[in-house]
Amino acid sequence: MSKRILVIQGHPDPAGGHFCHALAQAYLEAAREAGHEVRIVDVAHLNFPLLHSRAEWEKGSLPVGLMGARLDLLWAEHLVFFFPLWLGTLPALLKGFLEQVLRPDLVIQAGLTPWRKVLGGRSARLVVTMGMPAFWYRWVYFAHGLRGLELNVLSFAGIRPIRESLVGLVESPRCGHARWLARMAKLGQAGR
């Protein structure tokens, strides 16, 4: 069964060429070949300001350049985020993007008890590249940056299940680049 998949490329370098980009491309191509409808949002190529206050987040206008991305979020059944681990969590540009597009009216519909989570019924995968071994990030640091994104942002908005693919040692031949590209293609084909 085909899915509507939104690939969110969260690497902040607009020049591309990182392993994060190769992983996303492998996923994207395999998903399309398998018959899934796929759209991509490349955060590094979007123009938007960062939010500076709660009032801006709650009552401010969504920047025109992000309206398409917001519609893509509503369209999608499955979200796949690709980003590098920076200082233990997602890059600031990706966080700023999420703060802009996930405004209160998209996260919950207030006044309803319990709140209706507008993005409920969607699933997600986080594909995170890092220089350290992935097991070290998961078991020593308890993947703290991902926990915040999963629990306080995506799950709060109703997105679940949320799965992870942690790709460690990306700058080392020990990473198994070809194996990871094949794994992404397999996930893309399955729409997971």
Among helices (runs of 4 or more DSSP H) completely within segment 124-192, the ones holding 3 or more residues that are of a type outside the set (Gly, Ala, Ser), surrounded by 14 or more Cβ atoms within 10 Å (Cβ to Cβ) and touching a strand residue (DSSP E or B) at 6+ places or on another chain (Cβ under 8 Å) are 177-190
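The rows are residues; the columns are (1) at pLDDT 95 or above; (2) at negative phi; (3) charged (D, E, K, R); (4) out of contact with any helix residue (DSSP H, G or I) (no Cβ under 8 Å at 6 or more places or on another chain).
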position: LEU62; (1), (2), (3), (4): no, yes, no, no
position: PHE81; (1), (2), (3), (4): yes, yes, no, no
position: LEU102; (1), (2), (3), (4): no, yes, no, no
position: GLU150; (1), (2), (3), (4): no, yes, yes, yes
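So that you can scan it fast, the table gives a plain yes or no per residue for (1) assigned to a loop (DSSP other than H, G, I, E, B); (2) surrounded by 15 or more Cβ atoms within 10 Å (Cβ to Cβ):
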{"residue": "HIS11", "(1), (2)": "yes, yes"}
{"residue": "GLY16", "(1), (2)": "yes, yes"}
{"residue": "LEU28", "(1), (2)": "no, yes"}
{"residue": "LEU74", "(1), (2)": "no, no"}
{"residue": "PHE83", "(1), (2)": "no, yes"}
I'm trying to understand the selection: among the residues of segment 45-63, which are among the aromatic types (Phe, Trp, Tyr) and more than 12 Å from ARG103 (Cβ to Cβ)? PHE48
Does at least one position in segment 107-120 carry a residue that is β-branched (Val, Ile, Thr), surrounded by 15 or more Cβ atoms within 10 Å (Cβ to Cβ), part of a helix (DSSP H, G or I) and modelled with pLDDT under 95? yes
Residues in segment 30-42 that are of a type in the set (Asp, Glu) and part of a helix (DSSP H, G or I) total 1
Exactly one of ALA134, ALA76, ALA143 is in contact (Cβ under 8 Å) with a residue 24 or more places away in the chain, closer than 17 Å to GLY10 by Cβ and small (Gly, Ala, Ser), and that residue is ALA76
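The values are calculated or read from the model by the stated rules, or taken from the named source; none is laboratory data. Quick caveat, the model's predicted, so the values are computed rather than measured. FYI the Cβ positions are ideal-geometry reconstructions off the backbone, even for glycines, and counts take in every protein chain you see.
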